[in-house]
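The values are calculated or read from the model by the stated rules, or taken from the named source; none is laboratory data. Bear in mind that the values here come from a model prediction, so they are computed numbers and not experimental data. Glycine also receives a Cβ, built like all others from the backbone with ideal geometry; neighbour counts cover every protein chain displayed.
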Amino acid sequence: MKTKIQLSKTAIKAIKASIHKWEKIAENKGEDRGLHNCSLCVKYEGALCSSCPVYKAVGATYCKCTPYSLWISHHSVTHDKCTHPLKVECYTCKAIALAEVTFLSGLLTLGQTK
């Protein structure tokens, strides 16, 4: 992950909303509906992720190289679920959701406001 990225106020707001989503998922009070309920995807996916703070931090599209890719593969392999919505089904799911919270929180630490 990069050491610094530029964040607009809009990006910071989207990251905070995404953190909230994943906190709710970890508490088993929410679900992942992919790009349909990801504030970052709603804001940046039309640009093929190239403007997204996640892409800027890891250099990969569609949240590859983040806990989210592990979340998807875990649900596919362990729970035989390949379509959204996805939610916490086991302890590992919860751990991955919390790892996503930590990752997204790290983006705020890396960020320098434009």
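Tell me whether the stretch 90-97 contains one or more residues that are of a type in the set (Val, Ile, Thr), free of Cβ contacts under 8 Å to residues at least 40 places away in the same chain and surrounded by 21 or more Cβ atoms within 10 Å (Cβ to Cβ).
Within the stretch 90-97 (the criterion being of a type in the set (Val, Ile, Thr), free of Cβ contacts under 8 Å to residues at least 40 places away in the same chain and surrounded by 21 or more Cβ atoms within 10 Å (Cβ to Cβ)), the answer is yes, since at least one residue qualifies.
Of all residues in the stretch 17-37, count the ones that are buried (at least 19 other Cβ atoms within 10 Å of the Cβ), farther than 20 Å from Thr109 by Cα and within 12 Å of the chain's Cα centre (by Cα).
2
Would you call Cys49 buried (at least 17 other Cβ atoms within 10 Å of the Cβ) and either of a type outside the set (Ser, Thr, Tyr) or in a helix (DSSP H, G or I) (or both)?
Judged against the criteria, Cys49 is a match.
Restricting to the stretch 66-80, name every residue that is within 11 Å of the chain's Cα centre (by Cα) and not in a helix (DSSP H, G or I).
If the condition is that a residue be within 11 Å of the chain's Cα centre (by Cα) and not in a helix (DSSP H, G or I), then Thr66 is the only one that fits.
Residue-wise test of (1) assigned to a loop (DSSP other than H, G, I, E, B); (2) within 16 Å of Ser8 (Cβ to Cβ).
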{"position": "Lys43", "(1), (2)": "no, yes"}
{"position": "Cys82", "(1), (2)": "yes, no"}
{"position": "Val88", "(1), (2)": "yes, no"}
{"position": "Ile96", "(1), (2)": "no, no"}
{"position": "Glu100", "(1), (2)": "no, no"}
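Can you name the condition, by its number, that Gln6 falls short on among (1) part of a helix (DSSP H, G or I); (2) farther than 15 Å from Lys87 by Cβ?
In the conditions (1) part of a helix (DSSP H, G or I); (2) farther than 15 Å from Lys87 by Cβ, Gln6 misses (1) alone.
Does Leu48 satisfy being among the hydrophobic types (A, V, I, L, M, F, W, C), within 14 Å of the chain's Cα centre (by Cα) and modelled with pLDDT under 95?
no
Could you tell me which of the residues Val54, Val42 is of a type in the set (A, V, I, L, M, F, W, C), surrounded by fewer than 18 Cβ atoms within 10 Å (Cβ to Cβ) and either at positive phi or within 13 Å of the chain's Cα centre (by Cα) (or both)?
Criteria check complete, one pass: Val42.
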